[in-house]
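Okay, structure first, notes after.
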Amino acid sequence: MSDPVEIHGTCDRRFEKVRDAFAANFAAGKEVGASFAATIEGEPVVDLWAGHADAALTRPWRRDTIVNVFSTTKAMAALVAHVLADRGVLDLDAPVAKYWPEFAAEDKAAMPVHYLLSHRAGLAALRTPLPTEALWDWTRMTDALAAEAPWWEPGTTNGYHAITYGYLIGEVVRRASGRTLGALFRDEIASPLGADFHIGLAADDHARAADMVAPTDAENATAGAAAQVDPESLLGKTLSNPPVTPSVANRPEWRSAEIPAANGHGNARSVARAMAVLACGGTVGGRRYLSADAIARATTEQSFAKPDLVLGVPLRWGMGFMLSSDVLPLSPDRTGFGHGGWGGSLGVAVPGARLSWAYVMNKMSPGTLGDTRALGLVGALYGSL
């Protein structure tokens, strides 16, 4: 057990058990720095943070500390796509090639946009070797994806597009709207919401970004097979080309780039605020961001592979969002949906309770799935409703 860590922030009295669960993670030595937040009807009821922004424990985690949330970013990217579709700027049933003609190569001319959102495009990995630096070269990545042949027949099943998802969705968004996904998220969602979340972090904000802390060798050893990735598997090919490691997320080039699948920076407060749009029928603070019909379409099951071709476990997908299932029970009433990120972050909307919540941290757990730190927090949250 570690020495007590001071817990900062606010918590409605009825949710004091959430504060206790948050403190327990630190007391058990499971965290370096983290934040947890929840809203009901779009209003904050929990907003907690604690710990440190670096492995050396020299920088306190503050109210305005932000951190890379890896694939929790995908929920924000999907939100942008659905906002554009709701406005008639983007047709999710239209071929990707309508907006991005080069994408028609390798028999992809008829592939609809919604296959990209539901991880059914068959483009989870690239065959042509690319260096890490390609991750912040938008044109290089999108050109490679346009020329790529699918790894499986598109539309037949899902395989998690861990990195390529953001370039695929982002390029369609850019071609359809004339603006980048990061700029649209900032101007149309984050700024009106007052959500401190960024896809493409301004240089002035780098100093308040927490460093990602990779699992130790001992933690990886304890996790065993869960922490091992076969380089010849589709997951191995997905994560190694271009190579993505926890330390890459601490590079200024990564932070500054727009990588809409994986490099969003925010805190739990901002993620919960954005997810509140989806939990509250599309309207927060008197402003409508999405229609109820758009949310219904976004959360209609598209695929439920057994198993997902990349992650190897059954995942139930809507259009851009992980849907609650027996494998991934995001809410007791199963209306919950959202997205998780490598290392443990999560952002969830629960329309049945008009609830949203988010957990973000910098201490990464081993493997790509199976982090349990949020379980106690969410159990306490749901138990207090």
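Please treat every number below as a calculation from the coordinates, not as lab data. None of these values were measured; they are calculated from a predicted model. Cβ placement follows ideal geometry from the backbone for every residue including glycine, while neighbour counts extend to all protein chains displayed.
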Peptides 236-248, 189-201: what's the order by average Cβ count within 10 Å, highest mean first?
189-201, 236-248
Which order results if Lys363, Lys74 are arranged by neighbouring Cβ count within 10 Å, fewest first?
Lys363, Lys74
Treat the chain as a sphere of radius equal to its Kirkwood radius over Cα pairs and apply Stokes-Einstein at 25 °C in a medium of 0.890 mPa s; give the translational diffusion coefficient in µm²/s, rounded to a whole number.
119
Which of the pairs Lys17/Lys363; Lys74/Lys306; Lys30/Lys306 have their Cα atoms more than 28 Å apart in this structure?
Lys30/Lys306
Using 0.36 nm per residue, how much length does the chain from Leu130 to Ala24 gain when fully extended, once their Cα-Cα distance is taken away?
34.0 nm
Anyone know which of Lys108, Lys17, Lys306 comes out most mobile in the 10 Å Cα GNM of the chain?
Lys306
Sorted from largest down, what three extents in whole angstroms do the Cα atoms of the range 254-309 have along their principal axes?
40, 33, 18
Rounded to 5, the percent of DSSP beta bridges in the chain classed as antiparallel:
95
Net dipole in debye of the chain [+1 Lys, Arg Cβ; -1 Asp, Glu Cβ; about Cα centre; nearest 20]:
640
Tell me, what is the percent relative contact order of the chain, built from C-alpha pairs under 8 Å that lie six or more residues apart?
25
Listed residue (Ala190, Thr128, Val89) projecting farthest to the positive dipole end of the range 48-207, Cβ model:
Ala190
Could you tell me which residue out of His206, Pro242, Trp152 lies farthest along the dipole of the range 98-247 toward its positive end? Charges go on the beta carbon: Lys and Arg +1, Asp and Glu -1, centred on the Cα centre.
Trp152
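Could you please rank Ser270, Ser35, placing first whichever residue has the fewest other Cβ atoms within 10 Å of its Cβ?
Exposure proxy ranking, most exposed first: Ser270, Ser35.
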Where the centre of each part is set by its Cα atoms, how far does the range 266-337 sit from the range 113-173, in angstrom?
21
Got the relative contact order for the range 167-233 handy, in percent, Cα pairs under 8 Å and 6 or more residues apart?
16
Listed with the fewest Cβ neighbours within 10 Å leading, His206, His265 appear as His206, His265
Under DSSP H, which helices of the chain have Cα atoms covering 15 Å or more of the helix axis and a Kyte-Doolittle average no less than 0.5?
73-86, 268-279, 373-383
If each part is reduced to its alpha-carbon centroid, the range 91-111 and the range 342-382 end up apart, in Å, by 35
